[in-house]
Structures are given as structure tokens and as C-alpha cells.
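The values are calculated or read from the model by the stated rules, or taken from the named source; none is laboratory data. Not measured: the values here are computed from a predicted model. Note that each Cβ is placed from the backbone with ideal geometry, even for glycine, and that neighbours are counted across all protein chains shown.
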Amino acid sequence: MKRMMGLIAANYSNDSFAQLTKDRPVASLPFGGRYRFVDFPLSNMVNSGIFTVGLITPYMYRSIMDHVGVGKEWSLNRKVGGMFILPGSIYGLKNVPGKFLLRDIIQNRAFLDRGQSELVVISACNKIFNIDFRAVAEAHVASNAQITMIYKKTAVSPESKELYLTIDATSRVKTADEVKDGEANCFLDAFIINRDLLLKCIGWYETTSYLDLTEIIIENLDHLDVFGYAFTGYMGNADSIKSYMKCNQDLLNPEVAQELFQQDRPIITKIQDSPPAKYWLTAYVKNSIVSSGCIIKGTVENSIIFRGVTVEPGAVVRNCVIMQNTVIRKNSTLENVISDKYAVIREGVKLFGNTNDPILVGKGQDV
């Protein structure tokens, strides 16, 4: 088995998240009551035996650095290998969208030059799945591939801007493009590439560093051995407020939760010492995830409640995502609402969104 090193791309933004990504990158978006998006690629790599991981950070790196620290929770605070915090490039006049900008990789070439691994596992942070990269690497080596792109066959959302792969009978990637309907092979923004090829790409395209690495791969599909690897497990694609809400509420399905949070491949996150949630006699909770440190005195249904949330008597929370330390006052009602951290919902306030257009309460907002 060839040795692998990891590279996590977190230096990208998405305006579709509105206020949720105003002061934080997509990678540090809270998820599932206690996690952040970055926990999933980090855990996938560590669970696959990858203990040299570079994390490319954006300019607004405070929240992500506060969460990952030196990688202690992921056993990446080690003398050999470990967590490498890599500075992302500052966007200039040519601000092109992309998750794997070549300029970020060029700026951190030393990380690749000093690596001893033959394979580099590269992943973004906005797709939620639990995978063993060792199985992908085995398929990569067996097929003599230079690049192996991970995909999942899924129904295409009409507003989707994802990259979809066309795979032939030999698992070779023939085309990669956007698709608007039907069923297609969605690229999971994760792939394995031979380290020597990645270094060559840096040399070939150094003068056009504004390109995305996936653009380079697509441009050279006829000249490179690019294969696909089919992932069959759960995949949550959070690329908007609507899909972010759906990915969180997917966790209320026991089958999804069991598949995503496996005992032999746990999703690791920053540890916080909090007391268990406290439920008063007036509390009514149904089909919800309630994290530690919460005080529940009202009604909570079909919702994700993060740490330290207070729901006062008479308050009703349905189909919501309520982030850390939010206070929901007496007799207020929230349906299809996403509340960022430290928000306060005043007594008697009524907020009604819908599944296609949830209401967003900003961080620290007093409503």
C-alpha cells in the first residue's frame, strides 16, 4: 500500500449561505449539533491512516483555527507528520470561484516537496460523507491511475452547480460537466492524485495560477489516466441555506445517522466539557438532536439543537437548526428557522419559514 498525505481545501467561500458565512469560511460552519464541516474530511483522513495533513486556511481563519487548534483531537499533534496549517492566497482582481485553486497549492509547494508519500488525498469541506480512503487508494493503484475522482450517483437538483462525471465501462472518466436534470455521477470534491503529477501540474500551469485544479484535470482527460471511484454511502451536499437545513435534518433519520457516524470510523470533533442537557417537567421533545449544556423547558420537534441553547416555557421549536448559546424566550414560535450562535428570540415572537426558504437569524441577533 502506497503511503498517503492529505490536503484539505478550506480557502473558498459561497455567497449562497448569506450571513452564515459572513465571518466564517464554509469549512467551519456548525453542523449536526456539535460538529463543523471540516471535521468530516479531517476524520476521513485520520481514520484512513493519513497522519500528515495540510489544511489550507482562508484569510478569515479565526473560527477554523479556534476549532482545529493543533489537531489534538485527531491525533495530529505529533513530532513526525501531523497537522500543517497552510496559508491560503488572498484573492486579487481575478477572483474566480473554485475549491482547489492552483495558487493555494503553489503557495504551499514546500508542504508537497517535503512529503514522503507517493499519493496525495485532496478534499474540500462542503460535502458530508464518511469514507475509507484506503479503499480508494487500493483501486487507484490497481488501475494504474494518475488521478482517481470520487463520485456518487445521485438525482440532480435543478439549481445544482456541481460537477458531474461521465464514466465508461472501465471506470475511466470521459467527461466532467454540469448537469441540470435526471440522475448523474456527482463529483464529491475529493480525489487522489500521484504526488509527482501534482508537482508537475504546478510547473506546467504556474503562470495561470488562477485556475482550479479540477479545471486542469478536465482539460487533460484525454492525456491523463483519470479514473472514477463510486461511493455508495450517504452524501450530504450543503451548498445553500436550503441544502444546509436538509443536511442537518437528514441526521434525524436513524439510518443516515448510523451510516455517517460509524463506530470503526468515528467523526471526531473538538471536545467541550459541558453538563448533560437538562429537561424540565414542562419540556416536550420529539425526533430531535439536543446537545449537551442545553436547558429545555418548552417544545422541540424535528430540530437540531446545538450546545448551550435555552428554550423557555411555552416556546415551540419545529423543524429548526438552533446553534450554540441561542436563547428562545417564553411563548415564542419558530418553524423552519436557522439561528446562528448567541442569538436571542424575544418573548412572543413568531417566525415561520418553509423548507424551501428557511428564515435565517444572524449571529448575536436580537429578534
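Looking at region 235-279 only, could you name the residues that are charged (D, E, K, R), over 23 Å from residue 12 (Cα atoms) and touching an Asp or Glu at 6+ places or on another chain (Cβ under 8 Å)?
Listed by number, the list holds a single entry, 265.
Regarding residue 141, is this residue surrounded by 20 or more Cβ atoms within 10 Å (Cβ to Cβ) and either over 17 Å from the mean Cα position of the chain (by Cα) or in a loop (DSSP other than H, G, I, E, B) (or both)? Lay out the reasoning, then the answer.
Numbers: surrounded by 20 or more Cβ atoms within 10 Å (Cβ to Cβ): no; either over 17 Å from the mean Cα position of the chain (by Cα) or in a loop (DSSP other than H, G, I, E, B) (or both): yes.
Considered against the rule, which asks whether it is surrounded by 20 or more Cβ atoms within 10 Å (Cβ to Cβ) and either over 17 Å from the mean Cα position of the chain (by Cα) or in a loop (DSSP other than H, G, I, E, B) (or both), residue 141 comes out as no.
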Notebook entry, point to check: Hey, does region 222-232 have a residue that's closer than 23 Å to residue 53 by Cβ and modelled with pLDDT of 95 or more?
Noted result: yes
Next item on the list: Quick one: which residue in 121, 136 is outside any helix (DSSP H, G or I), crowded, with 21+ Cβ neighbours inside 10 Å and aliphatic (A, V, I, L, M)?
Entry: 121
Notebook entry, point to check: Filtering region 1-36 down to residues that are more than 30 Å from residue 144 (Cα to Cα) and among the aliphatic types (A, V, I, L, M), which residue is farthest from the chain's Cα centre (by Cα)?
Noted result: 18
Note to self: Show the residue pairs meeting these rules: Cβ distance below 6 Å; 6+ apart or different chains; first residue within region 185-196 and touching a residue at least 24 places away in the same chain (Cβ under 8 Å); second residue of a type in the set (Phe, Trp, Tyr) and not in a strand (DSSP E or B).
What the structure shows: none
Next item on the list: Filter region 13-34 for residues that are crowded, with 23+ Cβ neighbours inside 10 Å and either over 17 Å from residue 326 (Cβ atoms) or among the acidic types (Asp, Glu) (or both) and give the result.
Entry: 25, 26, 27, 28
Notebook entry, point to check: When residue 169 is evaluated against the numbered criteria (1) in contact (Cβ under 8 Å) with a residue 12 or more places away in the chain; (2) more than 20 Å from residue 16 (Cβ to Cβ), which criterion, by number, is the only one it fails?
Noted result: (1)
Notebook entry, point to check: Take the residues of region 63-85 that are in contact (Cβ under 8 Å) with a residue 60 or more places away in the chain and either hydrophobic (A, V, I, L, M, F, W, C) or part of a helix (DSSP H, G or I) (or both): which is surrounded by the most Cβ atoms within 10 Å (Cβ to Cβ)?
Noted result: 68
Margin query: When you check residue 147 against the structure, is it closer than 18 Å to residue 57 by Cβ and touching a residue at least 40 places away in the same chain (Cβ under 8 Å), yes or no?
Written below: no
Next item on the list: Considering every residue within region 317-328, establish whether at least one is modelled with pLDDT of 95 or more, in a strand (DSSP E or B) and either under 21 Å from the mean Cα position of the chain (by Cα) or of a type in the set (Asp, Glu) (or both).
Entry: yes
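Please tell me if residue 346 is free of Cβ contacts under 8 Å to residues at least 40 places away in the same chain, surrounded by fewer than 19 Cβ atoms within 10 Å (Cβ to Cβ) and over 20 Å from residue 30 (Cα atoms).
Yes; evaluated as a whole, the condition is true for this residue.
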